[in-house]
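Written below as structure tokens is the structure these notes are about.
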Amino acid sequence: MALNQQFSDRPRILVVGGGYVGLYVAHKLQKKIKSHGGIVTLVDPLPYMTYQPFLPEVAGGNIEPRHAVVSHRTHLKQTELITGKVTGIDHSRRTAMVTPAGGGEPFELTYRDVVMAAGSITRTFPIDGLLDQGIGLKTIEEAVALRNKVLERIETGSLMPAGPERDRALTFVVVGGGFAGIETITEIEDMARAAVKKNDRLGQPDLRFVMVEAMGRIMPEVTESQAVWVVAHLRSRGIQVKLDTSLASAVDGRLKLINMPDKTPADEFETDTLIWTAGVQANPMVRSSDFPIDDRGRIRANAELRITGDDGPIEGAWTAGDVAAVPDLTGGGVGGFCVPNAQHAVRQAKLLAKNIYAQNNGVGRVKEYKHKNLGAVAGFGQYKGVANIMGFGMRGLPAWLAHRGYHGMAMPMFERKFRVVFNWILSFAFGRDTTALMDLETPRRQFREAATPPPTKAQAQAPASAGALKADSYSEPAKS
């Protein structure tokens, strides 16, 4: 298949994925490579990078969704951008197969160097009903849908009489007790309680929040004593924390929980809102390449961020971030490898750009990645949080300020930082925005209703069909 002629024929550095690693590598290299007669090409199904640590705050109404993403075209003006998916890599031929995101015929791109930066996806398990009832929190679209779903269920529940149907509408469940899960349930709990304060038909006791974690403790990134404190903090806010508990079934929104030690029944109840944050896995697209993969589905790499096989580094092939098994030279990590988080991804990306430039242009030398994890920070809603920074633990307001400070600085690009900080200022002055936006996935609904002829008198007098619409969809929630 011939090279698509609308793309550059200059020597190409192909970046597969536009997340943390892809964005930073392209941003650091685009001018330098262009000055040497080459081109950086970035391929991603989305035209933006998502700053995932902000997704809980987007779901909680503290940050405008567009401000938690970074536009590729705005900040990668000298990069060749392709909105599509890389569906195959043949490194022996230095070619990649690309399928346009909006449809169209697949085409081949040739390259000199390739950077595998496809990131990770949500890891799920074959639990009955999870596919139909659950939603993750890995994308900006999921965060927006979740925010609207929670607010819509509160509004709709306020119109229901007390009973099982209202209890189901006002029950919110998060599965997964890592940072993402804890931040998510605390942010939506804060938002939900703020929304109920504005609704005279509901009281705070009407809301139910449940955290389900299969392990005996939450948040392995913090100390044991901090984890115990977090559980106590959640329970003090009325959040039910179920440790050593697993989700066994979610058919039709009826959750069945089991005790992990002996697999005995633990609890059973119904919910319209099931949020899954129980881990991530390397993007499976890497299996469509001829690169070596480890037993966890990650691309094998050395400390120089080169893709490495049994015979050593592979020329012209690089990787970093969640998709890569990068050795942790500090002696930390999990299994001797860097953990998949934004802190490592951003630092690896910056070194990767330097290493590629040094290797191809003889400027500087290729270095090994070695970075000691500085710790972790988490926000639990307004003015609440926990942090473990270089062994120094913090709780409450100081931890919340550390969380805001770190992520405000870590957010890529100055104009994005400014927008996020301005969001925080507005939230501080006016509180959370608890307005749900309806019909985002069905924007033509009202137009179709207006263009539909009104029913005849006989049709209007016909008995209504039995049954009510269940709120089992995040894209088309029931209307109040």
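The values are calculated or read from the model by the stated rules, or taken from the named source; none is laboratory data. This is a predicted model, so every value here is computed, not measured. Virtual Cβ from ideal backbone geometry, glycine too; neighbours counted across all protein chains shown. We work out accessible area using only protein heavy atoms, side chains counted, and drop any ligands, DNA or RNA first. Shrake-Rupley method; radii C 1.70, N 1.55, O 1.52, S 1.80 Å.
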Given the rule -39500 (n - 2.57) for each run of at least 4 DSSP H residues, summed and divided by the residues of the chain, what is its mean residue ellipticity at 222 nm, to the nearest 500 deg cm²/dmol? -9500 deg cm²/dmol
Unit-weight point scatterers at every alpha-carbon of segment 56-139, Debye formula, q = 0.19 1/Å: log10 I(q)/I(0) is -1.11
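Only four residue types carry charge here, +1 at the Cβ of Lys and Arg and -1 at the Cβ of Asp and Glu. Report the dipole size of segment 65-151 about the Cα centre in Debye, rounded to the nearest 20.
Values: 11 positive and 9 negative charges, 76 e Å.
Its charge dipole is roughly 360 debye.
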Suppose each label sits 7 Å from its Cα in the direction of the beta carbon; what would the Glu165-Tyr383 distance come out to in nanometres? 3.9
Inter-site label distance for Phe447 and Asp200 at 7 Å from Cα along Cβ, in nm: 3.8
Dipole check, the chain, charges on Cβ (K,R +1; D,E -1), about Cα centroid: among Leu329, Ser246, Ala195 the Cα furthest to the positive pole belongs to Leu329
What is the Cα centroid distance between segment 328-396 and segment 229-304, reported in whole angstrom? 24
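I need the calculated FRET efficiency for the pair Arg112 and Glu368, taking r as the beta carbon distance and R₀ as 30 Å, to the nearest 0.05.
On the way: r = 23 Å, r/R0 = 0.76.
After rounding to 0.05, the efficiency reads 0.85.
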Calculate I(q)/I(0) for the chain by the Debye formula, one identical point scatterer on each C-alpha and no solvent, and give its log10 at q = 0.07, 0.12 Å⁻¹ to two decimals. -0.41, -1.12
As a test, work out the antiparallel percent of DSSP beta bridges whose residues both lie in the chain, rounded to the nearest 5. 55
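If you average over every viewing direction, what projected area does the convex hull of the Cα atoms of segment 284-331 give, in nm²?
Approximately 3.6 nm², given one-decimal rounding.
I need to check one value: relative contact order of the chain, counting alpha carbon pairs closer than 8 Å and at least 6 residues apart, in percent.
Details: 955 pairs, mean separation 80.6, N = 480.
The value is 17 percent.
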For the Thr264, Thr223 Cβ pair and Förster radius 30 Å, calculated FRET efficiency rounded to 0.05 is 0.45
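So, R0 is 22 Å and r is the distance between the beta-carbons of Asp290 and Thr99; what FRET efficiency does that work out to, to 0.05?
On the way: r = 18 Å, r/R0 = 0.83.
Calculated value: 0.75.
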Compare the Cα positions of Leu274, Pro205, Met411 along the charge dipole of the chain (+1 at Cβ of Lys, Arg; -1 at Cβ of Asp, Glu; about the Cα centre) and return the one farthest towards the positive end. Met411
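With all protein chains present and a 1.4 Å probe, how do His27, His36, His75 order by accessible area, largest first? Display every interim value, and only then the final one.
On the way: His27 70, His36 105, His75 30 Å².
Ranked list, largest accessible area first: His36, His27, His75.
For segment 215-280, what ratio Rg/Rh do Cα atoms give with a Kirkwood hydrodynamic radius? Display every interim value, and only then the final one.
Working: Rg = 13.2 Å, Rh = 13.3 Å.
With Rh from the inverse mean 1/r over Cα pairs, Rg/Rh is 0.99.
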Given charges of +1 on the Cβ of Lys and Arg and -1 on the Cβ of Asp and Glu, with all other atoms neutral, how large is the dipole of segment 255-374 about its Cα centre, in debye to the nearest 20? 720
The size of the Cβ-based charge dipole (Lys, Arg +1; Asp, Glu -1) of segment 188-293 about the Cα centre, to the nearest 20 debye, is 260
Given the candidates Pro455, Leu305, Ile39, the one whose Cα lies deepest towards the positive end of the charge dipole of the chain, counting +1 at each Lys or Arg C-beta and -1 at each Asp or Glu C-beta, is Ile39
